[in-house]
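Take a look at the structure set out below.
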Amino acid sequence: MTSVQELIRGAAAEEAERGHRRPIALRPTGRSAPGQAATSCDSGLARDPWAVDRAPGYGPGASTADAIPGDAPRQGPLPERYTDASEEELERRIVAAKARLGDRVRILGHFYQRDEIVRHADFVGDSFMLAQAAKASPEAEAFVFCGVHFMAETADILSGPEQAVILPNLAAGCSMADMATIDQVERCWRELVQVLGQEPDAEGRQPVIPVTYMNSSAAIKAFCGRNGGIVCTSSNARAVLEWAFERGRRVVFFPDQHLGRNTAKAMGVAEEAMPLWRAHLPLGGNTAETLREARVILWNGFCSVHKRFTVDQIERARAEHPGVRVIVHPECPAAVVEAADGSGSTEYIRREIAAAAPGSVIAVGTEINLVNRLQHQHPELTIFCLDPVVCPCSTMYRIHPAYLAWTLESLLEGLTPNRIAVPRAVAEESRVALERMLAAKP
């Protein structure tokens, strides 16, 4: 299997040889898209993350064009002994530091991480699986969370107060989570209360229940906790919406419009009953009557990786590979989910692939590092990414072995760099919404 990093390095070298500075179209599976223009993934992907960490924006990758809040955390410079080290030296240092730290420290690795990071992880999973792993490891003094900021926050909320959660690179944020700020959400709530009121109906249901996707800040999880709301994951979004509809006439869903829309449509909610809330407009750009008639009010947020997948890509996969099975993540647009053979969480995608008959051909609509890893794990299958251009998550890509080596060796020196600590009041209210989610079984 050719790794994403090898593809990036190879394409960057090829471009440098030609003297070109145009975007690089990287093809991870050899399945080209005739006539397809190169997209937002460019030669910056070949640069080490510390070369771009302090620059404005999310950096190269799928979310390169997304607007980033001015107060987004930035990572300070790494010592040269890490940035100048070879891949082999960093590997040796990570292995040695991890061995010396032993059970005191656990490394948590998200499915979308680079292979060079995942190989060192004690637990690999999605954001909630990793937070659960932290909660289930009371013996650990610290967790090195190789993911993004909101994930580390959730791990801190669910782990013990004496346990430290560390994010190796503070610039590893999430553009989707940043699309809903607590100020925007509270302003939205005030406007909804003005239109919908606060009194329950004759059946005791509230006018509106706030629901937030796991991919959101601790502040928004806390908002949901104190306003009768709940958190969801892509695995239990339907169960959570059922919980919310039992308690409210309608739902406001933060921050991913696509997961909210796809889940509600599968439950029979009509498209016209799902208005989009645009935070910069009064009433989110809606009329009071539209909001009163709504069943699900969708925040105008999205995942830049999953937004890249299209119906055209699915049609091309079917034309080139008759009998291909197409499975996608529910953060994809509704038309893509409807055109696919199945949709579900990362864990669903992994289970579907594990259960496939040898010789099957499967096209997947999710992050490229995971797709390549699944192909490596299942050589009896042909697995490829629907998107023919390598465009990994901009911020997941920021966790580099140099940062992991620096973090582990800092811990050996008695230091705790980049600790993610959620304020107690916020953590307590967030925990309320998370516990409600845990009780809402799929």
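The values are calculated or read from the model by the stated rules, or taken from the named source; none is laboratory data. Since the model is a prediction, treat every value here as computed from it, not as a measurement. Positions of Cβ are backbone-derived with ideal geometry, glycine not excepted, and every protein chain shown enters the neighbour counts.
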Among (1) at pLDDT below 95; (2) in contact with a Leu (Cβ under 7 Å, 6 or more places away or on another chain), the one test that Ala440 misses: (2)
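What is the residue count in segment 375-395 for residues that are in a helix (DSSP H, G or I) and closer than 27 Å to Ala171 by Cα?
Step one: list which residues in segment 375-395 are in a helix (DSSP H, G or I), which gives 375-377.
Subset that is closer than 27 Å to Ala171 by Cα: none.
Looking only at that region, the number is 0.
Residues being surrounded by fewer than 21 Cβ atoms within 10 Å (Cβ to Cβ) and touching a helix residue (DSSP H, G or I) at 6+ places or on another chain (Cβ under 6 Å): count how many of those fall in segment 393-410. Explain how you work it out, then say what you get.
Residues of segment 393-410 surrounded by fewer than 21 Cβ atoms within 10 Å (Cβ to Cβ): 409-410.
This time we only want the ones that are touching a helix residue (DSSP H, G or I) at 6+ places or on another chain (Cβ under 6 Å), so: 409.
Number of matching residues: 1.
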Residues of segment 348-374 that turn out to be of a type outside the set (Val, Ile, Thr), over 20 Å from Arg261 (Cα atoms) and in a helix (DSSP H, G or I), as a count: 10
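Could you check, for segment 165-179, whether at least one of its residues is free of Cβ contacts under 8 Å to residues at least 60 places away in the same chain and farther than 17 Å from Pro330 by Cβ? Talk me through it step by step, then tell me what you get.
So the first thing to find is which residues in segment 165-179 are free of Cβ contacts under 8 Å to residues at least 60 places away in the same chain, and the list is none.
No, every residue in segment 165-179 fails to be free of Cβ contacts under 8 Å to residues at least 60 places away in the same chain and farther than 17 Å from Pro330 by Cβ.
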Candidate set from segment 307-352 (those that are in contact with a Cys (Cβ under 9 Å, 6 or more places away or on another chain) and basic (Lys, Arg)); member that is surrounded by the fewest Cβ atoms within 10 Å (Cβ to Cβ): Lys307
Residues satisfying the stated conditions in segment 235-293, i.e. touching a Leu at 6+ places or on another chain (Cβ under 6 Å) and assigned to a loop (DSSP other than H, G, I, E, B): Met274
First in segment 322-334 and free of Cβ contacts under 8 Å to residues at least 60 places away in the same chain, second anywhere and assigned to a loop (DSSP other than H, G, I, E, B) and of a type in the set (Val, Ile, Thr), Cβ under 9 Å, 6 or more apart: Ile327/Thr366; Val328/Thr366
Test: Gly284 is over 22 Å from the mean Cα position of the chain (by Cα), surrounded by 15 or more Cβ atoms within 10 Å (Cβ to Cβ), within 18 Å of Ala180 (Cα to Cα) and not assigned by TED's automatic domain parsing to the domain that holds Val371: yes
